[in-house]
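Any read-out appearing in this document is the output of simple, stated calculations on the displayed coordinates, not a laboratory observation. Source: prediction; values computed, not measured. Here the Cβ is made from the backbone with ideal geometry for all residues, glycine too, and neighbour counts use every protein chain on show.
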Amino acid sequence: MQIRFPVKIKGEIEVFTGWRAVHSNHRLPVKGGIRYASYADQDEVEALAALMTYKCAIVDVPFGGSKGALQIDPSKYDRDALEQITRRFTLELVRKGYLSPSENVPAPDVGTGQREMAWMADTYKHLHPEDINYMACVTGKPVNHGGIRGRVEATGRGVEYALQEFFRHPADVGHAGMSGTLEGKRIIVQGLGNVGYHAAKFLSEDDGALITAIIERDGALINDKGLKVEAVYQYIQEHGTIKGYPDASFEADGKVVLEKSCDILIPAALEGQITVENAARIDTKLIAEAANGPVTFGADAILRERGITIMPDAYVNAGGVTVSYFEWIRNISHIRFGRMQRRQDEMRGHQIANLLRGVAILRKFVLGIQAQANSKT
């Protein structure tokens, strides 16, 4: 479905174009993010909807595949304007049956986050005040709006878990030309957005990997001894660029750094970053596709012929939809996870107390027997 709708912003009417595609509704609801990007188009949305079907099947969550996009550059609008646009977009999706807890459940994607999901959920609630499951109409919401802890970093954490699992199989690691564990492995990350930031942070802090380069839209940072991911991220948040960051050399042409020698390359930005033009120069042993479709079809064939192992995006970045499933279940069950946990802890406490009481009675019994035996002797 294609939507065109007007929004009055600062006294002027602007017309926006958006899409929502459903690839497979063999399992309901269908699931997939909504991205805000100036380059979005219908073909991209349809392809990503198909990818969602396969992704949900691989991790065995009961969702079909869907995807959405709005052709907009969010950086050009302030918070109030984005809220107006998001609520109007949501209105169109709900009216046409492309957003509901039981049929079609969006989530954050490129250019969207917790804030946009909260706006969408609130808009749906006002349109359907009788729906007690309204919170489940989107996932990726703030925790205080029905979200779930861990959802923000879920996709990046999933990238870490996928690599950890790969390194538990020595034969596969050897086939990729490596040995040992993730510790000390040289990793290049393209994109320090939500996925790339968390993946790089967890891999460096938890697994001892070396993030030797970080590629962003305005260039790349290189440090063969390892970059401090948190420091780089905070620098970007403060300055809006990686230029000028200390403790690293700067390369203006970030795409060239994709070809720098490393053990693991993690493209975590946009699709189509490794193509037939640069595939022959990629110098890595393993590619973990954290973004959606970062390796083109032609490049995939070249890389495999060269013996480079590729971990596909449908598996590597499925952490987000997995935790979205937990959030959706929480919303439709109307039971807080903390409450269920407290019941379990209470039952365990009673069991431990009963066990200790039994041990005390047994000890008293044994001491009584010993006392009788001593008196007889």
Sites residue 247 and residue 26, calculated FRET efficiency, Cβ-Cβ separation with R0 45 Å, nearest 0.05: 0.30
Which order results if 109, 131 are arranged by neighbouring Cβ count within 10 Å, fewest first? 131, 109
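Going by how many other Cβ atoms sit within 10 Å of their own, how do 195, 173 line up, fewest first? Spell out each step's value before the answer.
Details: 195 28, 173 19.
Exposure proxy ranking, most exposed first: 173, 195.
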To the nearest 0.05, how large is the calculated FRET efficiency for residue 329 and residue 370 if R₀ is 41 Å and r is the Cβ-Cβ distance? 0.15
Residues whose modelled amide H sits under 5 Å from the amide H of residue 209, counting only those 5 or more places away in sequence or on another chain, are 184, 204
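Using 0.36 nm per residue, how much length does the chain from residue 60 to residue 161 gain when fully extended, once their Cα-Cα distance is taken away?
Numbers: separation 101, 0.36 × 101 = 36.36 nm, distance 1.65 nm.
Here the segment from residue 60 to residue 161 would lengthen by 34.7 nm.
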Using a 10 Å cut-off around each Cβ, can you sort 347, 135, 1, 120 from fewest to most neighbouring Cβ atoms? 347, 1, 135, 120
Please give the direction-averaged projected area of the C-alpha convex hull for region 101-178, in square nanometres with one decimal. 7.3 nm²
Could you bin all the Cα-Cα distances of region 154-320 into 5 Å bins starting at 0 and give me the percent of pairs in each, rounded to whole numbers? 2, 10, 20, 24, 22, 15, 6, 2, 0
Treating region 2-145 as a set of equal point scatterers at the Cα positions, no solvent, please give the Debye-formula log₁₀ I(q)/I(0) at q = 0.10, 0.12, 0.19 Å⁻¹. -0.31, -0.44, -1.12
Principal-axis tilt of helix 337-376 within the chain, Cα atoms, nearest 10 degrees: 20 degrees
Per the Kirkwood formula over distinct C-alpha pairs, the hydrodynamic radius of region 259-358 in angstrom is 17.0 Å
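For residue 183 and residue 42 in the same chain, what is the full-extension length gain: residue separation times 0.36 nm, less their Cα-Cα distance, in nm?
Working: separation 141, 0.36 × 141 = 50.76 nm, distance 4.17 nm.
Full-extension gain reported as 46.6 nm.
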What whole-number distance in Å separates the alpha-carbon centres of region 278-293 and region 294-311? 7 Å
Which one, 191, 320, 156, has the greatest fluctuation when you compute a Gaussian network model over the chain with C-alpha springs under 10 angstrom? 191
Tell me, in nm to one decimal, what length is gained between residue 133 and residue 217 on full extension, where the rule is 0.36 nm per residue of separation less the Cα-Cα distance? 26.3 nm
Cα-based helix-to-principal-axis angle, 114-127 vs the chain, degrees rounded to 10: 90 degrees
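Highest mean first, how do 36-47, 233-244 rank when packing is the count of other Cβ atoms within 10 Å averaged over residues? The partial results should precede the final answer.
Numbers: 36-47: 16.8, 233-244: 13.3.
Listed from highest to lowest mean packing, they are 36-47, 233-244.
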Helix 319-333 versus the longest principal axis of the chain: what angle, 0 to 90°, nearest 10, using Cα atoms? 70 degrees
From the phi of every residue in region 8-22, what ³J(HN,Hα) in whole Hz does the Karplus formula 6.51 cos²θ - 1.76 cosθ + 1.60 yield, where θ is phi - 60° and glycine or proline is x? 8, 10, 6, x, 10, 8, 10, 10, 10, 10, x, 9, 9, 10, 10
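Just to verify a number: FRET efficiency for residue 348 and residue 230, C-beta to C-beta distance, R0 = 51 Å, to 0.05? Intermediate results must be reported in sequence, preceding the final value.
On the way: r = 36 Å, r/R0 = 0.71.
Calculated transfer efficiency: 0.90.
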Cα-based Lys pair tally, region 2-145, threshold under 20 Å, eight or more apart or on separate chains: 12
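So what is the orientation-averaged projected area of the chain, using the convex hull of its C-alpha atoms, in nm²?
27.2 nm²
Can you check what the net charge comes to around residue 142, using other residues whose Cβ is under 10 Å from the Cβ of residue 142 (Lys, Arg +1; Asp, Glu -1)?
On the way: positive: 115, 141, 151; negative: none.
Local charge sum for residue 142: +3.
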Can you work out ³J(HN,Hα) from phi for every residue in region 136-143, in order, using Karplus 6.51 cos²θ - 1.76 cosθ + 1.60 and θ = phi - 60°, giving whole Hz and x for Gly and Pro? 7, 6, 9, 10, x, 7, x, 4
For region 124-234, place one equal point scatterer on every Cα, skip the solvent, and apply the Debye formula. What is log10 of I(q)/I(0) at q = 0.16, 0.20 Å⁻¹? -0.79, -1.03
